[in-house]
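All remarks here apply to the structure that follows.
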Amino acid sequence: MEPPVEADQAASLLDAAADAVLNEQMVKAADLLLQADIRTLHAYAAFVMLPTAELLGFKKHARQARHEVHLQHPGLRMPTGVDAEAIFKRDGFRCRYCSCRVVRPGVRSLLTALFPDIVRWPSGKGGDRAKHAAFYALNGVLDHVQPYARGGDSSTENIVTACWPCNFGKEDHTIEELCLSDPRLRTPVVDDWDGLARLVRNRRKPAGTVAKLQTFPQWSTRPDIEGWLTSMNSETSLGVIEALRDLLVSLRKISSVSLSIGQNLTVNIVCGGKSLGVLGLSLAGDVDVPWLISGEKDWFKPFAKSLADAVPEAVFYETPRMWRVDGCGTARGQITVDELVGAAAVVLAGVEQLAGKQTRPLGQP
């Protein structure tokens, strides 16, 4: 079963959250982790994990009778340590069955320790329903293509990376019984996705007491703009807040544009199955340009350039992963809310132009 677009959206959000953790931007990391908890993705994963193979949509004919093969398997059932890591890297930290990006084992428990109220992982009866959706769907495991219980060995040739849903849904069926093509015949996709393994490699306690981060505002696809605006820095003038309200309302009317609210408010465009965050507004009055664009650097460049031209003394500059706009914001790569609303017409026109490009294949200028 092909995973929904939310799987890729969640992976991109987790990727950005990992970067934020390593940069000790813990509030930003928490907000991104909240956004990645997409409940429709949880529902998809729970469906695929159902034990009845016919419910997966893979099998079109009656289940063939099969006989368990009970053999004495020498050695370990699963590779561990360096051998396991080598398989994940070989497969690009992607499920070889459905091709979704997966998260390396150990990452989820690390993030649960840092953000226990966000990356939830309760145990016991009914605990699965409350688990963080992205990790529930994208946890990476190793899977025997020819099931171990059916005589399959534990060689690297018989073991592939899988997501939790595919691993649980496949159970101990053969790929022939499920009418699946052999995943080993498809060349694995290997790029810069590392399954968030960099968090484990760089395991260290960030500055501040992360465990004391308490409750963060809940994210919603139908954001409470008014509630968020009233929480903004008291130094932000009423005139700027009114102008920002008008801009956000206008942006939300554009096709394929959505707003999401957590600790920050982000302006997102759904393009090619990805949710790209073109703006990220903080309650302090700073605006990240962009927020999260999933590597779509060339696609974003015209928007960033036009916004920099419209903001007095703003600088338009390039980083390895994106084009950014630097104005009078607190940190590099930020402008202020005042500067944003001052360039409202340019922002609207630029977002409309980006939204109009959604049929263009991602990765192309």
Q: Using a cut-off of 11 Å between beta-carbons, work out the net charge of the residues near V341 (Lys and Arg +1, Asp and Glu -1, V341 not included).
A: -3
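Cβ under 13 Å from L251's Cβ, L251 left aside: what net charge do those residues give with Lys, Arg +1 and Asp, Glu -1?
Counting the neighbours of L251, the net charge comes to +1.
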Q. Separation of segment 280-342 and segment 105-184 by C-alpha centroid, Å?
A. 39
(Q) Once you place label points 7 Å from the Cα toward the Cβ at F47 and T156, how far apart are they in nm? (A) 3.7
Q) For A10, what is the net charge nearby, where nearby means another residue's Cβ is under 10 Å from its Cβ and Lys, Arg count +1, Asp, Glu -1? A) -3
Q: Please sort 253-265, 162-174 by packing, taking for each peptide the average over its residues of neighbouring beta carbons within 10 angstrom, highest first.
A: 162-174, 253-265
**Q.** Label-to-label distance, nm, for residues given as D246 and K305 (7 Å Cα→Cβ offset)
**A.** 2.9
**Q.** Zone of D83's modelled label, taken as backbone nitrogen in segment 128-155 under 19 Å from a point 7 Å along Cα→Cβ
**A.** 141-155
Q. Between S109 and L348, 0.36 nm times their residue separation minus their Cα-Cα distance comes to what?
A. 81.9 nm
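Coordinate-derived values only; no laboratory data. In this text, all values refer to a predicted model and were calculated from it rather than measured experimentally. A quick note on method: Cβ atoms are made from the backbone with ideal geometry, for glycine too, and the neighbour counts reach across all protein chains shown.
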